[in-house]
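Some notes on the structure that comes next.
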Amino acid sequence: MLQLPNGVRHSPEYLSRSRQEALVDIIRAIVVEAPLFVPVMPGTGKPMSVRMTNCGPLGWVTDKERGYRYQPTHPVTGRPWPDMPQELLDIWSDVSGYDKPPQACLVNFYSDDARMGLHQDKDEQDLAAPVVSISLGNACLFRVGGVQRTDKSLSLRLSSGDIVVLGSAGRMCFHGVDRIYPATSTLLKNGGRINLTLRRVTL
Ligand code: SIN
Ligand code: FE2
């Protein structure tokens, strides 16, 4: 058994196929209301390879001028984010061990050649709440390390329906996605991977 860092939990196959399909339908409806946008790095303006949107009262956004932040509206349409669906509130209640509900669900869409560099989730004020991450579609190679960027890291494969919780001592662990494994799931008709991260933002 792989020894994950303290506070990092991996629940393989947490969601049944039918729950995964229902979630994909929910996400499609969210994307109609709140279209995917291309996030860019603060300062450099370099685009990230994932496309993203959000649901819930707050959404995580980034642009060249104002950097990483949460805001109540979509950066392109200016409209409030779609409501947090009950299915996601239920998953949070089941796995987070946290009494307050999540305020943000970041929806990351990875094409088969997208990745995400090693980073910490640190734009939230409430660090007592865990980050709950749901994987849908093609599998990926997920890397997780310690609280220092230079700490040794380990890699695990995340498949459709898996859940990862970064909580307590694992809340500030560096993590990232090194690669997507094409054609490893039939859930998304056009391939790729969706990752949902549920977070509590304010205290
Ligand atoms: C993230 O850290 O925002 C995404 C992690 C993942 O795609 O599994
Ligand atoms: Fe993250």
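If you stretched the chain out fully between SER18 and VAL147, how much longer would it get, using 0.36 nm times the residue separation minus the C-alpha to C-alpha distance? If you can, show how the numbers build up before the last one.
Details: separation 129, 0.36 × 129 = 46.44 nm, distance 3.58 nm.
Roughly 42.9 nm would be gained on extension.
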Assuming R0 = 35 Å, what is the FRET efficiency of THR44 and SER11, from their Cβ-Cβ distance, to the nearest 0.05? 0.45
Filter on LYS64/LYS122; LYS100/LYS152; LYS64/LYS189 - keep pairs with C-alpha separation over 28 Å: LYS100/LYS152; LYS64/LYS189
As a check on your grasp of the helix formula, calculate [θ] at 222 nm for the chain: sum -39500 (n - 2.57) over DSSP H runs of n ≥ 4, divide by the residue count, round to the nearest 500. -4500 deg cm²/dmol
Just to confirm my numbers, what's the Cα centroid distance between the stretch 142-203 and the stretch 41-90 in Å? 18
Distance between modelled label sites at LEU4 and SER111, nm, 7 Å Cα→Cβ extension: 3.1
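Quick check: residue separation of LEU36 and ASP123 times 0.36 nm, minus the Cα distance between them. What number comes out in nm?
Taking LEU36 through ASP123 to full extension adds about 29.3 nm, to one decimal.
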Unit Cα scatterers, Debye sum, the stretch 8-199: log10 I(q)/I(0) for q = 0.13, 0.14, 0.15, 0.16 Å⁻¹: -0.64, -0.76, -0.89, -1.04
Taking R0 as 35 Å, what's the FRET efficiency between ASP90 and ASP178 from their Cβ-Cβ distance, rounded to 0.05? 0.70
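Order of GLU65, GLU33 from fewest to most other C-beta atoms within 10 Å?
Working: GLU65 8, GLU33 15.
Lowest count first: GLU65, GLU33.
Express the relative contact order of the chain as a whole percentage, based on alpha carbon pairs under 8 Å and six or more residues apart in sequence.
On the way: 497 pairs, mean separation 54.2, N = 203.
27 percent.
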For the ranges 83-90, 50-57, what's the packing order if you count other beta-carbon atoms within 10 Å of each residue, average per peptide, and put the highest first? 50-57, 83-90
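A short reminder: the numbers here are calculations on the coordinates, not readings from a lab. From a predicted model like this one, the values you see are computed outputs, not experimental measurements. No Cβ is skipped: glycine too gets one built from the backbone with ideal geometry, and neighbour counts run over all protein chains shown.
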